[in-house]
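J.: The structure that follows is given in the form of structure tokens.
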Amino acid sequence: MDRSQTAAATPLARAERFIWLTARVLEQHRFAYHFLGGRAEAVETALAAYERDDGGYGYGLEPDRRGPVSQPLATALALRVLDEIDRCGGPRAERICRFLTAVARPDGALPALLPAQRGYPAAPWPPVRDHPPSELLSTGPVVGLLHRNGVWHAWLFRATDFCWAAVEALAEGARAHPDEVVAAVSFLDGAPDRPRAEALAERLGRWVREQRLLVLDPDRAAAYPVAEGYAPGARHFPHDVAREPGSLARRWFTDAEMKRSLDHLAAAQEADGGWPARRHAWAPCSGPGWRALATVEALLTLRAHGRAG
């Protein structure tokens, strides 16, 4: 009997069918590892196909960037996958840090997109620049994950200082997109100075609520603004920043607000079993790639909060 028919009514069973039908091999192995008792080695092997000789990751690992060039955002995604399977260390982490050192800006931060992307297919945002700016979006998650896994490298000192300053600027009212808030939380959740991280997270949370960057009542989502550059209706919710109960961002929300957010996430599962990508589909490959990633992330978030079944 088809596995998808044995418990077709359950969200997890419908998601499993979606993954087998549409996802890349990497997301199939991630799903199997997290929900079917699969092997970490299988995830590692699938991820290795995206690794470059320079220590970075490319080849469309991050679906908006195609072609055989390493990019910081793809490398950040690779680190997240390695963190999930407890393989974020050793010689591989050293290789990744060498790549990050080579592409970092003078202040230690990472750009979102390296000029090497020019000539290969990519989403039109952000634009390819010869001298791309430093970005918290690409730097925060990488630095936070490396710290959380006890990785130390000379580059991290400058990158960590950049992140502290960038998150301070957000908390003081700098203009930001919700994705930058997600990056800030990723950094703060792994930052080694816990008292400083907790104090800064508290200030950042007050500012996020004041600016209405996150939808606290999904039934009134249309009343919240959509950030510039996002797909129509692509708003962010508490579960996007507080992906685990232990995140510092969880303290920003009441239990009722968090429940509404998780209810909304669970209800967003579509008829085919997958979750929406909430991104512009700029190419035939980008939509399915992002949907598979969104599906795995949604399931992990729901499970972390005791909601996946």
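J.: Can you pull a Stokes-Einstein diffusion coefficient for segment 232-304 at 25 °C (0.890 mPa s), Rh from Kirkwood over Cα pairs, as a whole number of µm²/s?
T.: 188
J.: Once the dipole of the chain is set up with Lys and Arg at +1 and Asp and Glu at -1 on Cβ about the Cα centre, which of Leu216, Ile96, Ala42 lies farthest towards its positive end?
T.: Checking the options against the dipole of the chain, the answer is Ala42.
J.: For a test of the definition: using alpha carbon positions, the gyration tensor, and the 1.5 limit on a/c, classify segment 200-275 as rounded, prolate or oblate.
T.: oblate
J.: Which distance in Å, rounded to a whole number, links the C-alpha centroids of segment 18-71 and segment 152-203?
T.: 27
J.: Rg and Dmax of segment 98-152, using alpha carbons, in Å: what are they?
T.: Every Cα atom of segment 98-152 included, Rg and Dmax give 12.4, 37 Å.
J.: Separate question: Taking the Cα centre of each part, how many Å lie between segment 81-105 and segment 113-140?
T.: 19
J.: Using a simple spin-label model with points 7 Å from Cα along the Cα→Cβ vector, what separation in nm is obtained for Asp53 and Arg95?
T.: In this crude spin-label approximation the distance works out to 1.3 nm.
J.: Please list the equivalent ellipsoid semi-axes of segment 75-176, computed as the square roots of five times the alpha-carbon gyration tensor eigenvalues, in descending order and whole angstrom.
T.: Listed largest to smallest, the semi-axes of segment 75-176 are 22, 19, 13 Å.
J.: Give the calculated FRET efficiency between Ala199 and Trp282 to the nearest 0.05, with a Förster radius of 35 Å applied to their Cβ-Cβ distance.
T.: Efficiency at R0 = 35 Å is approximately 0.30.
J.: Taking all protein chains in place and a 1.4 Å probe, what share, in percent, of the accessible surface of the chain do carbon and sulfur account for?
T.: The value for the chain is 53 percent carbon and sulfur by accessible area.
J.: Full-extension gain between Ala154 and Ala116, please, as 0.36 nm times their residue separation minus the C-alpha to C-alpha distance.
T.: Between Ala154 and Ala116, full extension yields an extra 11.2 nm.
J.: Another question about this same structure. Sorted from largest down, what three extents in whole angstroms do the Cα atoms of segment 174-220 have along their principal axes?
T.: On the principal axes, segment 174-220 reaches 37, 21, 16 Å in Cα extent.
J.: Scale the Cα Rg of the chain by the rule-of-thumb value 2.2 N^0.38 Å and send over the ratio, two decimals.
T.: It is 0.97.
J.: Segment 277-295 to segment 206-223: how many Å between their Cα centroids?
T.: After rounding, the separation between the Cα centres reads 25 Å.
J.: Do the sum for the chain: with -39,500 (n - 2.57) for every DSSP H run of n ≥ 4, divided by all residues, what is the mean residue ellipticity at 222 nm, to the nearest 500 deg cm²/dmol?
T.: Result for the chain: -16500 deg cm²/dmol, rounded to the nearest 500.
J.: Same structure, new question: In Å², what does the accessible area per residue of segment 157-269 work out to with a 1.4 Å probe?
T.: Here the per-residue accessible area is 47 Å².
J.: Still on this structure, I have one more. Which value, in debye to the nearest 20, gives the size of the charge dipole of segment 71-186 about its Cα centre, when Lys and Arg are +1 and Asp and Glu are -1 at the Cβ?
T.: Around 400 debye, computed over segment 71-186.
J.: Follow-up question, since we're still on this one. What list of ³J(HN,Hα) values in whole Hz, one per residue of segment 206-221 in order, does the Karplus curve 6.51 cos²θ - 1.76 cosθ + 1.60 (θ = phi - 60°) give from phi, with Gly and Pro shown as x?
T.: 4, 5, 4, 5, 4, 7, 6, 6, 10, 7, 8, 10, x, 5, 10, 4
J.: For segment 106-265, what log10 I(q)/I(0) values come out of the Debye formula at q = 0.11, 0.15 1/Å, with one point per alpha carbon and no solvent?
T.: -0.47, -0.85
J.: For segment 158-309, give the magnitude of the charge dipole about the Cα centre (Cβ charges: +1 Lys/Arg, -1 Asp/Glu; no others), in debye to the nearest 20.
T.: Once rounded to the nearest 20, the dipole reads 100 debye.
J.: Then there's this: From Cα coordinates alone, what are the radius of gyration and Dmax values for segment 50-101 in angstrom?
T.: That works out to 10.2, 29 Å for Rg and Dmax.
J.: Moving on to the next point. Sort out the exposed loop GluC sites (Glu not before Pro) in the chain (DSSP loop, at most 16 other Cβ within 10 Å) and tell me the longest stretch that has none.
T.: 1-171
J.: Sticking with this one: Among Tyr59, Pro132, Ala116, pick out the residue whose Cα is farthest towards the positive end of the charge dipole of the chain, where Lys and Arg carry +1 and Asp and Glu carry -1 on C-beta, about the Cα centre.
T.: Tyr59
The values are calculated or read from the model by the stated rules, or taken from the named source; none is laboratory data. Keep in mind that this is a model prediction, so the values were computed, not measured. Quick reminder, even Gly has a Cβ in these numbers, built from the backbone with ideal geometry, and neighbours come from all protein chains shown. The protein model used for the area step is the full one, side chains on, heavy atoms only, and it has no ligands, DNA or RNA in it. Shrake-Rupley method; radii C 1.70, N 1.55, O 1.52, S 1.80 Å.
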